[in-house]
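What follows is a single structure, written as structure tokens, with notes after it.
The values are calculated or read from the model by the stated rules, or taken from the named source; none is laboratory data. Small disclaimer: the values here were computed from a predicted structure and weren't measured. Ideal geometry is used to build each Cβ from the backbone, glycine not excepted, and the neighbour counts take in all protein chains shown.
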């Protein structure tokens, strides 16, 4: 699964491409875990180029959010489309992961 | 019914996706979501014993019905307890969301066990 990593002063952005489904989520979870070892105060997961989120993808987000909590990193999701957001909210993930429409909106709000 | 290969799940999902691509984006997303969750569940958790795995799927788009059929031991996944989605991050554990979200997306779901096959009909 294609991902891009940007490191800025005080935050990190990981942008994912494609589908967070049962096929691609295991590899994505590994990437996410590696990136979170960098222990930045703020981590933005950009899902604006992700078209599909299944329970396997949610599992990756949960693992990422739990790791971030342990590392005192703020774990934030940005750019989800309406369908991804539905899955995210129906699962109650909005109770413990902040979500914003864009990177810009997240950076201005945090 | 279209046969689903447990050994090549990716190809099976791509084939289903091809059939729903022309539909409204929200509807095709819902179908793909349910198809992936149920088929993955059957492959990962179905107890096939010594049976040669037989899994199949049918999409009746006219009536909005997804049908899943498999010859694993009798198991009604609807009896699986729902996860508590109100829990805090510390208490949340992975798993159980696929069936839970399928129930949320569906208008109704019917399970039956007939002639050695689990049959799950998801009405969307």
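Couple of notes before you dig in:
- Taking chain A as the region of interest, the helices (runs of 4 or more DSSP H) fully inside it that hold 3 or more residues being touching a residue at least 12 places away in the same chain (Cβ under 8 Å) and under 11 Å from the mean Cα position of the chain (by Cα) are A:25-36, A:55-70.
- Looking only at region B:100-115, residues that are part of a loop (DSSP other than H, G, I, E, B) and without any contact (Cβ under 8 Å) to a residue 60 or more places away in the chain come to 2 in all.
- Test: residue B:35 is in contact with a strand residue (DSSP E or B) (Cβ under 8 Å, 6 or more places away or on another chain), within 14 Å of another protein chain (Cβ to nearest Cβ), surrounded by 11 or more Cβ atoms within 10 Å (Cβ to Cβ) and at pLDDT 95 or above: yes
- Qualifying positions in region A:74-92 - more than 9 Å from chain B (Cβ to nearest Cβ) and in contact with a helix residue (DSSP H, G or I) (Cβ under 8 Å, 6 or more places away or on another chain): A:74, A:75, A:76, A:77, A:78, A:79, A:80, A:88
- Residues of region B:44-86 that turn out to be at pLDDT below 95 and not in a loop (DSSP other than H, G, I, E, B), as a count: 5
- Taken over region B:1-26, residues that are without any contact (Cβ under 8 Å) to a residue 24 or more places away in the chain and outside any loop (DSSP other than H, G, I, E, B) amount to 8.
- Residues in region B:48-92 that are loosely packed, with under 13 Cβ neighbours inside 10 Å and either out of contact with any strand residue (DSSP E or B) (no Cβ under 9 Å at 6 or more places or on another chain) or within 14 Å of chain A (Cβ to nearest Cβ) (or both): B:49, B:50, B:52, B:62, B:81, B:82, B:84, B:86, B:88, B:90, B:91.
- Unique match (being away from chain B (no Cβ under 11 Å) and in contact with a helix residue (DSSP H, G or I) (Cβ under 7 Å, 6 or more places away or on another chain)) among A:42, A:36: A:36
- On inspection, residue B:104 does not qualify as closer than 22 Å to residue A:87 by Cα and out of contact with any helix residue (DSSP H, G or I) (no Cβ under 6 Å at 6 or more places or on another chain).
- Top-ranked residue in region A:1-13 [being modelled with pLDDT of 95 or more, in contact with a helix residue (DSSP H, G or I) (Cβ under 7 Å, 6 or more places away or on another chain) and surrounded by fewer than 21 Cβ atoms within 10 Å (Cβ to Cβ); ranked as farthest from residue B:42 (Cα to Cα)]: A:12
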